[in-house]
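The values are calculated or read from the model by the stated rules, or taken from the named source; none is laboratory data. Keep in mind the model is a prediction, meaning the values are calculated, not measured. Using ideal geometry, Cβ is built from the backbone for each residue, glycine included, and neighbour counts are taken over all protein chains shown.
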Amino acid sequence: VRDAAYFYKRSQCYKDASRCFEQIQEFDLALKMYCQEELFEEAAMAVEKYEEMLRAKALPVSKLTYSASQFYLEAAAKYLSMNKTKEMMAVLSKLDIEDQLVFLTSRKRLTEAADLLDREGRREEAAMLMQQHGCLLEAARLTADKDFQASCLLAAARLNVARDSDVDLTKAILREALDLCHQTNQVSGIAQAHFLQGVIMRDFLKLKDAFLKFDTLNHSAGAVEALYEATSHCEVQPEDVLALAPGGLGVLLDLVRALRRVTTNAEKEMVKSCFEFFGILQVDAKYCQIAQNDPGPILRIISDLDLNLKEKKTKDHFLIMMDQVKLALNKHLLSRLCQITESLLARTYPGVCMKFLVGLKCEDGRCEDFHRPLRRHEAKCLVQSKIHLVAIKGLLLEAKRVFSKVLAEGLEEIDYILSLDKHGLCKSLLNVVFPKHFHQRVLSENPMACKEVLKPHYKSFRSYRSALKEYIHVLFQNERARSRRESTDLWLSAMQAFLLSSSYPDELDKLLYQEEDQYNRELKALQSEQEKRGRDRGSRMKGIEGKFGMLAPNKDDESAEKPHLCFIRLLQDSIHQFYVCRNPEDYKRRFFRFMNVLVKRCKEPLIPSIGNTVALLELQFIHCGVVLARLSKNAVLCLPKSYIALLHYWEFLFSKKDQEPGDVFSIIQEYRPKDLTRAIQEFRFHLSYLVKVLCGCENANFNVLLDAFSDIDYVVSGEAERTLVLCLVMLVNTKGVLQPSCKPLLSSQFQELEARLQLLSIECPGRVPERLLRVVKQVQLAVNVKSVAEALQDLLFERDEEFLMDCHWQWDSGHAKGTAVRGLYHEEVRLTRLFSMDPVGYLAEPEYEVGQDEPEELALEGDHLLDTVLSQKLRRASIRQKMRRVCLVVSLCIRWRRGRAGGQAEHFREEGREPAAGNFKKADVDRTQCDLCGVKFARGPENYFTPDQAFEGAAPEAVALSGTELEDEQGWERSSESYEQHILLESHQSQQVAYQRYLEFFREKVDPAMEEGKLVVQDMEQSAWGRKHLGSKEHSHILQRKVQENIKKVSDSVEDLYRRKAWADAEEVMARLVNILIPSVRDAQEWLRKTELHQEEGVVQEDVYENEVEDFGELRPRRRPRKCAKKKH
């Protein structure tokens, strides 16, 4: 029988051979014959029959090479290949449930697998199975977990949106998902639902809500995409989208930095949420995978970068290198940056028509600007739009440094966008906040209005600040040395930009030090050259450029080195005396010295523009007028409402940011002159000096009033009208505020003004405002100050619905009844008060007052003032140097501490083995967020900059961003809990203890099991016997899949525990899972040992016997040679 069995075998009559082998009880060989004939069910029955026979004889069951379950698996695979589902399920029913599930899922028979789980009462596992394989709606139907159901519905809606599927169905899915997210308080889900609804319906409000929620969650990718959709596809007021742009583009650059190198928990979370949003799963530090059934938006991005993507497909996923994914994301983000900025910069934003402002008729039917006085919310929108545009420019400049040079094409596009309007955005902002025409009172009616209208949002502050600084530095680089040292307008532009960016006075000091140092070195070089040449040679050397802008202190001190100071330091020191030293007297004296330089030297480019000159005179007139009103009890100032607004405006710009609003009045109230009478006379004289400067009495070539009406450009820019208003304000304040001689001095100019205006009207018809002609004529015909005030009142109301106010000083105590007034109390002007004043042309007897000799005194004291300014300069330089040293020491200490911490961590890793990469997800706490508790420490103004930035030049920004200046308007971003407070909480400390226990358990029990499982899977994949041997292939595959599935369950649980921060239950959860994983690994290892044993022993025995049997070749079926078969084809 044995010989017959082998003859049948050699003749490939496997069924007959198997019967023979059964008769001689060679069951292993019989089963092999069944396998050869693919009679797997018969083989399984034979195994069962053999085992039953042994049990009937009460004999121990010897282990066969095969088991019945192996053959049932092979039979199921056979029926599946023949598409016989019913037979396949019948065969599978004889197997263990877990084996059935592994078989069905590995063959993509998801419906059958889900039904099986459902019948077994494992509905949640069925839902999870369907979700993992892309059957999202089916998964949502199966699960009872609302959180999971919402995530499935959102994923389904996301796919529908990406594929442009049925919109109505998608809307219904999103409504259901949104309802579930609200029930479970899933903020991220709500943000994604609103985002998808916004994309479908092109609804800006939905996208804005999604943007704000994404931003709160540190979900940068979602915020960027929401901003892009809002910018590209929504019909909405451009300023509404623009308001979101600086924050959105800022987080875009933060994401690019985080993709390059993660340094904080917040950045780690940012990258994680970005990967999730784009459908990327990180496998390890080197590779990522993208699911084929739910690829997300990344697939298109990757495909654009790499056309050979299909070659990298592995089973259900695309396996891609991490570097390639990051490069693709960087390219996509750069593209988004360019698309968003190009779209926003191409739009038109609200403004005020320039013709309306100066009193001309606008004949452009397409002009969309305002043709009426602004309301506060409109002014805020106008100024903030300008601020946002400047911030966008700063972000583009920053992007050039952040993005990799590999993306050269995208960086060239940024250069192109920047080249379209190099400095226009910064100029436009400065022209709105520091206009040539009158100051619009709505910008700064009170301290709160200043903050509301002029304050930048802290999220855009850094880029806004850098753009303004860049603008000024480029401006100075492009100017000649003479302009840099002598141009008043250039230095005022620098002051304005630095004031807006909260860089004043530090950045201005840097520019001044640079110019003064360069000038003094050039001067020394020139002097040494002259000494070399000798005086007797008579050769004249060329002077140094910019000498008229440089002032030399210590003229009488021959031993001194005589370092020269820039003239603008006098103005800077004047402002410093008022707002910092709180000394109005020195403020006045420094300004007099500064103005004298301009008036007496009277050379281009020292002479400032009309607008800048009038702004300086306004500043002095208002401040000194208010001081005079404080010192003289009966003094009444008559000021336009916009002049009172200027008090708040300059205070907002110049004051320390941590001061209370209204501090300018406190400064004036605290001023206590030693000699009150003399102080009053000196301030009256100073105000009269301003009148003389305006009218050209100090220097006939420096006549601001007449110069303002000398060119039509000054008229159409509004400078002429602004100068005229200052003149009229001075005129109505001649009694009690100015010296009597000022009245005829001012009024005598109007005949010439009228003549000039008439000439300009003829030369440039339609370009001279009627109101300007009218008011000049009214003043010319005025018989008293009341008539002048009426003319001024009419002009003010016509241009900006503004009123003339009577102002006097009032300082109520804290216990006063009603509303306490502290400062300048103002009410609408009483014209009857002015009626009793002298006629306009009245010439009083000249007064000789105490302050009359002040010009001479100050001229003598000028050098002493410069000595003071020089000493202040040196003191500030010394303080700055000390601060730099302190910052350097602190920076070195931080680096040393980090290095030490890193060394301790390395030592700890050596002592206790860390979990393998990819197995465990670490959690810790830093200053951005606590991963142990799931708490984010919101990056408000006071902690917006990281410690690294604080010692890399960002410290001034952090100082500038004080809480009182830049509080958050939305409120949802503030955190009541700081890092320092949080780490002391008992709840945090208990979480930390629970996490440490979990980490220890994972390191000791779970991680070794996972690594052993991965190793056994790798060995099984390399085992040739398991893959080739009939009857073993399916069983080997099932064992391998079981181990892989159990490892995946552990990994999923690691993610889930991290997401829920459920460290207290973590050890129990992991123990249950590892107790399932370990037996599956042992089964696989046992199988590998058995296959190796049978491979070595069984084959040898068979070959030995076969070699002893005579070969009956005639019994073999004849086959054609393979080559012949090929030829036939």
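Of all the listed residues (Arg261, Arg257), the sole one being among the basic types (Lys, Arg) and without any contact (Cβ under 8 Å) to a residue 60 or more places away in the chain is Arg261.
Residues in segment 693-723 that are in contact with a Cys (Cβ under 9 Å, 6 or more places away or on another chain), part of a helix (DSSP H, G or I) and surrounded by fewer than 17 Cβ atoms within 10 Å (Cβ to Cβ): 2 in all. Report yes if some residue within segment 450-469 is without any contact (Cβ under 8 Å) to a residue 60 or more places away in the chain and touching a helix residue (DSSP H, G or I) at 6+ places or on another chain (Cβ under 8 Å); otherwise report no. Checked against the condition, which is being without any contact (Cβ under 8 Å) to a residue 60 or more places away in the chain and touching a helix residue (DSSP H, G or I) at 6+ places or on another chain (Cβ under 8 Å), segment 450-469 yields at least one hit.
Residues in segment 436-453 that are farther than 15 Å from Leu653 by Cα and touching a Gly at 6+ places or on another chain (Cβ under 8 Å): 3 in all. Among the residues of segment 888-941, the ones that are modelled with pLDDT under 55 and acidic (Asp, Glu) come to 3 in all.
Please state which one of Leu430, Leu418, Leu492 is of a type outside the set (D, E, K, R), at pLDDT below 95 and part of a helix (DSSP H, G or I). Going through Leu430, Leu418, Leu492 in turn, just one is of a type outside the set (D, E, K, R), at pLDDT below 95 and part of a helix (DSSP H, G or I): Leu418. Contact map, segment 1076-1096: residues that are farther than 15 Å from Leu1015 by Cβ paired with residues that are surrounded by 15 or more Cβ atoms within 10 Å (Cβ to Cβ) and at pLDDT 85 or above, Cβ distance under 7 Å, separation 6+ or inter-chain. Pairs shown: Ile1076/Asn1046.
Of all the numbered requirements in (1) surrounded by fewer than 21 Cβ atoms within 10 Å (Cβ to Cβ); (2) in a loop (DSSP other than H, G, I, E, B); (3) touching a helix residue (DSSP H, G or I) at 6+ places or on another chain (Cβ under 6 Å), Cys367 misses one, and that requirement is (3).
Can Leu598 be described as outside any helix (DSSP H, G or I), more than 22 Å from Val788 (Cβ to Cβ) and under 47 Å from the mean Cα position of the chain (by Cα)? So Leu598 does not fit the description; no.
So that you can scan it fast, the table gives a plain yes or no per residue for (1) surrounded by fewer than 18 Cβ atoms within 10 Å (Cβ to Cβ); (2) basic (Lys, Arg):
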position	(1), (2)
Glu87	yes, no
Leu104	no, no
Lys108	yes, yes
Leu117	no, no
Met130	no, no
Gly134	no, no
Ala144	yes, no
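Right, Arg767: in contact with a Gly (Cβ under 6 Å, 6 or more places away or on another chain), surrounded by fewer than 19 Cβ atoms within 10 Å (Cβ to Cβ) and either in contact (Cβ under 8 Å) with a residue 24 or more places away in the chain or among the small types (Gly, Ala, Ser) (or both) or not? Criteria not met by Arg767.
Scanning segment 594-632 for residues being of a type in the set (Asp, Glu) and within 13 Å of Asn701 (Cα to Cα) gives a total of 1. Condition test on Gln991, is it modelled with pLDDT of 55 or more and more than 30 Å from Arg261 (Cβ to Cβ)? No: the conditions fail for Gln991.
Say we look at segment 271-304 and pick out the residues that are in a loop (DSSP other than H, G, I, E, B) and modelled with pLDDT of 65 or more; which of these is surrounded by the most Cβ atoms within 10 Å (Cβ to Cβ)? Among residues in segment 271-304 that are in a loop (DSSP other than H, G, I, E, B) and modelled with pLDDT of 65 or more, the one surrounded by the most Cβ atoms within 10 Å (Cβ to Cβ) is Ile280.
Filtered by the rule that a residue be small (Gly, Ala, Ser) and part of a loop (DSSP other than H, G, I, E, B), segment 466-489 gives a lone residue, Ser487.
With respect to the stated conditions, Val406 is touching a residue at least 60 places away in the same chain (Cβ under 8 Å), within 30 Å of Ala291 (Cα to Cα) and of a type in the set (Val, Ile, Thr). Restricting attention to segment 137-179, report how many residues are closer than 20 Å to Asp118 by Cα and either of a type in the set (Gly, Ala, Ser) or outside any helix (DSSP H, G or I) (or both). Summing the residues that are closer than 20 Å to Asp118 by Cα and either of a type in the set (Gly, Ala, Ser) or outside any helix (DSSP H, G or I) (or both) in segment 137-179 gives 5.
On the basis of being in contact (Cβ under 8 Å) with a residue 60 or more places away in the chain and either touching a Lys or Arg at 6+ places or on another chain (Cβ under 9 Å) or at negative phi (or both), does Ala90 make the cut? In short, no.
Cβ-Cβ contacts under 9 Å between residues 6 or more apart (or on different chains), taken from a first residue in segment 667-678 that is without any contact (Cβ under 8 Å) to a residue 24 or more places away in the chain to a second residue that is of a type outside the set (Lys, Arg) and assigned to a helix (DSSP H, G or I), are listed as Asp675/Val850. Taken together, the residues in segment 779-833 that are part of a loop (DSSP other than H, G, I, E, B) and acidic (Asp, Glu) amount to 3. Determine whether Arg158 is under 19 Å from Ala291 (Cβ atoms), surrounded by fewer than 17 Cβ atoms within 10 Å (Cβ to Cβ) and of a type outside the set (Phe, Trp, Tyr). No; evaluated as a whole, the condition is false for this residue.
It is to be established whether one or more residues within segment 119-132 are in a helix (DSSP H, G or I), touching a helix residue (DSSP H, G or I) at 6+ places or on another chain (Cβ under 7 Å) and in contact (Cβ under 8 Å) with a residue 60 or more places away in the chain. Taking every residue of segment 119-132 in turn, none turns out to be in a helix (DSSP H, G or I), touching a helix residue (DSSP H, G or I) at 6+ places or on another chain (Cβ under 7 Å) and in contact (Cβ under 8 Å) with a residue 60 or more places away in the chain.
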